[in-house]
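Each remark here refers to the structure printed beneath this line.
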Amino acid sequence: MNNNQFLTDWGLTLMVFLPLAGALVMLLVPKEEEAAHKWIALLASLASAAFGIAIFADFDYDNSKSLQFVVDKRWIDVIHSRYLIGVDGLSLPLLALTLLVVPLCIIYSWNHLPEPRNAKAFLMLILVLHTGMLGTFVAQDLILFFVFFEVVLLPMYFLIGVWGGEQRQYASLKFFLYTLFGSALMIVSFLALFFVTGGETFSIAGLAERVASGDYDISHTTMLLIFGGMFMGFAIKVPMFPFHTWLPDAHTQAPTVGSVILAAILLKLGTYGFVRVALPILPEAAVSWAPWIGGLAVVGIIYGALACLAQTDMKRLIAFSSVAHMGFTMLAIATLTDFGLNAAVFGMVAHGLITGMLFFIAGSVKDRYHTLEIRRLGGLLVKAPRLGWIFGFTAMASLGLPGLAGFWGEFPAILSTYEPGAGLSEVLFRTYMVLAALGTVLAAGYLLWLFQRTAFGTPTAEFADTDVPDVQLPEWIAWTPMLLLIAVLGFFPNLVFGVTDDHMTSVAQSIAAAAGH
Amino acid sequence: MLENAWIIPLIPAASFLLILFFGKRLPRKGSEIGVAAVGLAFVLALVVNVQWFHHVDNAGERSGHSEEATDDGWFAYAPNTNVAVTSDGHELTRAELLELTNKVEPASEGEHESVAPVTKDWTWFENGDKDINIGMLIDGPAVMMLFVVTLVSLLVHVYSTDYVAGDPRYTHFFAFLSLFTASMLGLIMAKSTLQLIVMWELVGVCSFVLIGHWWEEKPNSDAAVKAFITNRVGDIGLLCGVTILYWSAGQTFDILEINTLAVNGGISSTALTVAAFALLAAVMSKSGQFILHTWLPDAMAGPTPVSALIHAATMVVAGIFMVGRLYGVFFQGFDIGISTVNALAIVGGITVLGGAGLAFVQNDIKKVLAYSTVSQLGYMVMALGVGAWTAAFFHLFTHAFFKACLFLGSGSVSHAVHSFDMKKDMGGLKKWMPQTFWTFMIATAALIGIIPLAGFWSKDEILAGASQLGGDGNYTIFMVVGLIGAFMTAAYMTRCVYLTFFGEYRGHGHPHESGPRITVPLWILAGLALIAGAANIPAWFPGQGSWELRFEHFYEPKGAYFPSALASFEVPEFDPKIAIISTIIGLSSIGLAYLYYWKDRGPHGATERYRIANAGYTVLANKYYFDRLYTDGIVAGVKGPVARAAYWINQNVLDGVVNGAATVAAATGRFVYNRIDQGVVDTIVDGSGSAAEGGGQVLRQLTSGKVQQYGALLFGATAIFAGVLIFVV
């Protein structure tokens, strides 16, 4: 078990709140000290990552299905909400992803600060965002979860609204409003859950236990409705078709780093919520909802891909590809099987790395060409060969090439859809399987055509004489870990599956047991 | 070496990384690493082959008793008894089945004693408390492919050092040749279907990169994209087929287990049939079978060595290999042993004729060879479809040599005349390029199937198989298809040779014979095209002693995982009648073509004079309109109207709802706002404002007024949903 007492008691808390502390320190430093702000932000995120690494090193991987490093303290007594945090096999990969991506984003910002600059405010917001995301992945109490879940919203709103593109006001507003709408329904569900289980606890495990015990006589309709509220909250965040329309606007307008964090981590809050909160607490409702979730997921896969084919802007195309990719993750979740849930978590990590990388690349292309209009680009491989090949590599990863990370989110999702969990229609899910497989063709289509039109060929006359610098140092530092991980995870998928499997197997088993009643 | 054969793919894999990162700094720009690595792999492959022969010949001593051999772990295929036994009882019978079938030894027939494959397993990852393995499976087909792939790859590497010399992306070219070789070797040794998928796609991506090697020109990158996407279409079948087999074989990717269960009735025949159909789609795309063949001729946009290695000798036979590898599934799924017609044979048969027909109307020498490859791959698929496993693999073996020789020869020609157009820029090259000419002629004769060259023996086995195997009435129709195909092959190759090497030179300048790095590989391949048929001399011929049917003896799998133990599985025998008929057909075809081209006899100008001939020509010139249908129909439709419609819905319907809701909400918000204590809302605004003080005044201006609306919306939505909960619950 976890040996170091200090780490056990304080590790997680420090990991979560060190970025926030960094932001507070920055508050005291004058705005003009740009370099100082960059260093403070980087150090704060690295300090947080250091605690994360210490926790990962001390984590008991043989027991990854149970919560570890649990801290359970009084918080809001009056509503029985506690400061309850911990990590298990589900949180760990996502924490790792967050702890990796945020420092890389800060490094990338070193020479890519978007207008109107203001390093202080920009980096402070990222640190606040960091705390919110880390907190969401460790919270085991629904109120605490909700608070962290919402903390994320505001910084991202400002990142888009202040540092975004021309349509930033509309995009940020839409993002904020839409997500908040879902959150509202979600919190009502949480409260309803609290009251129908006797009003004693908000702890996820406690609620799951109470619902499963059958002592509280909760009608199936109630469960369905409560699940529905959570579904709205999480599905909008994912985002699932047809609740995705905030995403392309937010992505297109967001500054590069904002897009990267949005794609790499923020979207995962939604899928994570399903696996962490909705499925374990309400397994019966999950079985009833699963065919619908699977259906929307498949529609998302096909529809997102088609929408990609219609895009003329590189960044907007990548944004729509998220709709398709998250469709695979949601389809995997909807199977309610161990294999599917494992695939879902892998898909989250892989999508985080790959789409995060794609947004980095889009940002760098924009910096160099000052446009992302596909038809004006072309010949990137001539102008900046390294950037072009990195783009090609990432595009291949994104279309789910085996041997790279994306495959392990996609193929196991398809595989598990053939044999969905207990109580789900095989015919329906096998139809989903074929449609999802069709989605992989469309994915190859939009990514390769994008790559062909931007990277192959010769530069357009407009940019024939433009000097396009190749990949630069901050970009190398920020990208190398992500590129390496994309390849390494592709060949050693057990780095994620090995961590998540025990946990997912037990989740799938408890759902199967609940479906049996 | 047998048990360590997994090292072989790692050598070119390492070479890929070395070339990629250090190639440019080396004196020969990385090509030396590639050549050395593949050369080493080839030597090791030879060692593996020799040891495998020894292993097969000594199989009798171990008499196939895997129980005995399990002691040393590597030399036996013992059923994986630690498969999770679940409560539903299915697994138990399955485990019993695996156990039982392994003991079944048709001891009466010496040929059918089992030869244990050499296997190795590592845990790749865990899922649902099960270990998913990655492994190595060395048996006859793997060992044979090991030889073919490393040999052709080595020759192509040597050839390329001259052929692509001076190319701006020389290093990059060799890096991807290495990666391709590694992936292809990984594919043929794959022990699990999952591993097969991974390698299958990796060879595909190498093909993509190498087809698009000269990506500055749009047609080249178009060809690369087309190849990849067409293969993706087939991959739907691969993904679905592997998935079906995974579940119906009791959650396993292990090829040996799947085959053993399939052969011995451990998998329902419906599942097998569906899986076989799904996998057939993958075969059609990867191995250029009608109707997914259209990418292969376009793939000739890549450098010629790539065409020889990837699009003739190795990658395109991956589909054939996969069928042969999962032959238990196909044999039972399509009832190959007892039917008279099945999907596999039909696809192969159509491809034989369809591909050969298109080869007639090409003016680009590489396109002729490409369609010829399509047609020959059709022979292999057809052979597998009629149950002639060994014939298919033997043809794969011989075809690799003579077709690689033809492609490399065409490269040598184009090197000299700077074009691939036979009609405009070639002719009379016999005089200028004697070595290229003779090797090309030998390979052509082998392809046409002139006795005693390699192609004669392998094609003849396929024809014999089609006439002898199968249920009532046999697969005779496919023998006829094969004979017609042989006639067409002889004719289009005669035309090709005539246009290239005979008559007057129509190009510019003085073509020169290529250097030794090009001609030596040509001669080696031509030599193999000459003698490779000896590998499987039928027993019918007297006086060849212990040389008879060596290919079958060493390379055809023997054991419970291969359908050879089934009563319906037969091995065709040499039939002198068929051999004579096919020889006559081939020679008369050459004769007719000779009269037509050399002597100017026959219906010249028929396409101008006769409507029907013209119509036929138009259909062929338009490649049966497949490209029209795919490119202008399906692809353009999906990319154009369909995608635009989806996006229109997105912008106007889905987003319209959202924007409409926002407008309504804002109006409602103003209404609600008047009834809510303004102080509460103001507090929220101030709170959020001060939290973002670092962001400066900009933020405040931006948000003031808006946040009230969200607040209102939040309250409104919450109220509605809470109301629903209260009233309904």
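Could you go through segment A:112-127 and let me know if any residue there is within 19 Å of the chain's Cα centre (by Cα) and within 8 Å of chain B (Cβ to nearest Cβ).
yes
What about residue B:188, is it more than 17 Å from residue B:635 (Cβ to Cβ), in contact with a Pro (Cβ under 8 Å, 6 or more places away or on another chain) and within 8 Å of chain A (Cβ to nearest Cβ)?
When the stated conditions are applied, residue B:188 does not pass them.
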- Has segment A:391-400 got at least one residue that is surrounded by 24 or more Cβ atoms within 10 Å (Cβ to Cβ) and on the phi > 0 side of the Ramachandran plot? yes
- Check segment B:594-603 and report whether any residue there is farther than 16 Å from residue B:448 by Cβ, hydrophobic (A, V, I, L, M, F, W, C) and outside any helix (DSSP H, G or I). yes
- Tell me, which helices (runs of 4 or more DSSP H) lie completely within segment A:204-261 with 2 or more residues that are of a type in the set (Phe, Trp, Tyr), within 14 Å of chain B (Cβ to nearest Cβ) and touching a Phe, Trp or Tyr at 6+ places or on another chain (Cβ under 7 Å)? A:220-237
- Item | Test set (1) closer than 24 Å to residue A:279 by Cβ; (2) part of a helix (DSSP H, G or I) - residue A:363 fails condition number | (1)
- Can you find a residue in segment A:189-199 that is within 12 Å of another protein chain (Cβ to nearest Cβ), without any contact (Cβ under 8 Å) to a residue 12 or more places away in the chain, under 20 Å from residue A:151 (Cα atoms) and part of a helix (DSSP H, G or I)? yes
- When you look at residue B:411, is it crowded, with 23+ Cβ neighbours inside 10 Å, farther than 20 Å from residue B:586 by Cα and within 26 Å of the chain's Cα centre (by Cα), yes or no? yes
- Note on the structure: Of the listed residues (A:501, A:470), the one being touching a helix residue (DSSP H, G or I) at 6+ places or on another chain (Cβ under 7 Å), surrounded by fewer than 19 Cβ atoms within 10 Å (Cβ to Cβ), within 30 Å of residue A:103 (Cα to Cα) and charged (D, E, K, R) is A:470
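If I ask for residues that are under 24 Å from residue A:408 (Cα atoms) and within 10 Å of another protein chain (Cβ to nearest Cβ), which ones from segment A:448-493 would you list? Write out each step before concluding.
Our first condition is that a residue be under 24 Å from residue A:408 (Cα atoms); within segment A:448-493, this holds for A:448-451, A:478-493.
Correct list: A:448, A:449, A:451, A:490, A:491, A:492, A:493.
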- (1) touching a helix residue (DSSP H, G or I) at 6+ places or on another chain (Cβ under 8 Å); (2) under 29 Å from residue B:198 (Cα atoms); (3) at pLDDT below 90 all hold for residue A:414 apart from (3)
- Message: Taking the condition of being of a type in the set (D, E, K, R) and not in a helix (DSSP H, G or I), how many residues in segment A:328-360 meet it?
- Response: 0
- Item | Single condition residue A:286 does not satisfy, out of (1) buried (at least 24 other Cβ atoms within 10 Å of the Cβ); (2) farther than 25 Å from residue A:426 by Cβ | (2)
- Assess whether residue B:661 counts as being within 14 Å of another protein chain (Cβ to nearest Cβ), surrounded by 12 or more Cβ atoms within 10 Å (Cβ to Cβ) and in contact with a Leu (Cβ under 7 Å, 6 or more places away or on another chain). no
- Message: Just checking, does segment A:368-375 include any residue being assigned to a helix (DSSP H, G or I), over 22 Å from the mean Cα position of the chain (by Cα), at pLDDT below 90 and surrounded by 23 or more Cβ atoms within 10 Å (Cβ to Cβ)?
- Response: no
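Yes or no, residue by residue, for (1) farther than 27 Å from residue B:639 by Cβ; (2) of a type in the set (Ser, Thr, Tyr):
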residue: A:445; (1), (2): no, no
residue: A:456; (1), (2): no, no
residue: A:466; (1), (2): yes, yes
residue: A:472; (1), (2): yes, no
residue: A:482; (1), (2): yes, no
residue: A:488; (1), (2): yes, no
residue: A:494; (1), (2): yes, no
residue: A:503; (1), (2): yes, no
residue: A:507; (1), (2): yes, no
- Members of segment A:417-434 found to be under 19 Å from residue B:197 (Cα atoms) and touching a residue at least 24 places away in the same chain (Cβ under 8 Å), listed by number: A:417
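Say we look at segment A:397-425 and pick out the residues that are part of a helix (DSSP H, G or I) and more than 10 Å from chain B (Cβ to nearest Cβ); which of these is nearest to residue B:245 (Cα to Cα)?
So, considering only residues that are part of a helix (DSSP H, G or I) and more than 10 Å from chain B (Cβ to nearest Cβ), the one nearest to residue B:245 (Cα to Cα) is A:413.
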- Query: Which of (1) crowded, with 23+ Cβ neighbours inside 10 Å; (2) within 13 Å of another protein chain (Cβ to nearest Cβ); (3) more than 14 Å from the chain's Cα centre (by Cα); (4) in contact (Cβ under 8 Å) with a residue 12 or more places away in the chain is the odd one out, the single condition residue B:251 does not satisfy?
  - Reply: (1)
- Examine segment B:275-283 for a residue that is assigned to a helix (DSSP H, G or I) and in contact with a Cys (Cβ under 6 Å, 6 or more places away or on another chain), and state whether such a residue exists. yes
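Looking at this structure, is residue B:243 in a helix (DSSP H, G or I), surrounded by fewer than 24 Cβ atoms within 10 Å (Cβ to Cβ) and free of Cβ contacts under 8 Å to residues at least 24 places away in the same chain?
No; evaluated as a whole, the condition is false for this residue.
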- For segment A:163-172, how many residues meet the condition of being crowded, with 24+ Cβ neighbours inside 10 Å and either basic (Lys, Arg) or at the interface with another protein chain (Cβ under 9 Å from one of its Cβ atoms) (or both)? 1
- Item | So residue B:374, is it in contact (Cβ under 8 Å) with a residue 12 or more places away in the chain and assigned to a helix (DSSP H, G or I) | yes
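Which one of A:394, A:480, A:466 is of a type in the set (S, T, N, Q), farther than 21 Å from residue B:195 by Cβ and either modelled with pLDDT under 90 or part of a loop (DSSP other than H, G, I, E, B) (or both)?
Within the list A:394, A:480, A:466, the selection yields A:466.
Mind checking whether some residue in segment A:144-155 is facing another protein chain (nearest Cβ under 8 Å), part of a helix (DSSP H, G or I) and surrounded by fewer than 24 Cβ atoms within 10 Å (Cβ to Cβ)?
yes
Identify all residues within segment A:345-359 that are within 12 Å of chain B (Cβ to nearest Cβ) and of a type outside the set (Val, Ile, Thr); write none if there are none.
If the condition is that a residue be within 12 Å of chain B (Cβ to nearest Cβ) and of a type outside the set (Val, Ile, Thr), then A:346 is the only one that fits.
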- Task: Output the residue which, of all residues in segment B:216-234 that are more than 7 Å from chain A (Cβ to nearest Cβ), crowded, with 24+ Cβ neighbours inside 10 Å and within 23 Å of residue A:455 (Cβ to Cβ), is nearest to the chain's Cα centre (by Cα).
- Result: B:231
- Residue hits (segment A:54-89; part of a helix (DSSP H, G or I), touching a residue at least 40 places away in the same chain (Cβ under 8 Å) and either touching a helix residue (DSSP H, G or I) at 6+ places or on another chain (Cβ under 7 Å) or among the hydrophobic types (A, V, I, L, M, F, W, C) (or both)) are A:54, A:55, A:56, A:58, A:61, A:79
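The values are calculated or read from the model by the stated rules, or taken from the named source; none is laboratory data. Not measured: the values here are computed from a predicted model. Note: ideal-geometry Cβ built from the backbone for every residue, glycine included; neighbour counts use all protein chains shown.
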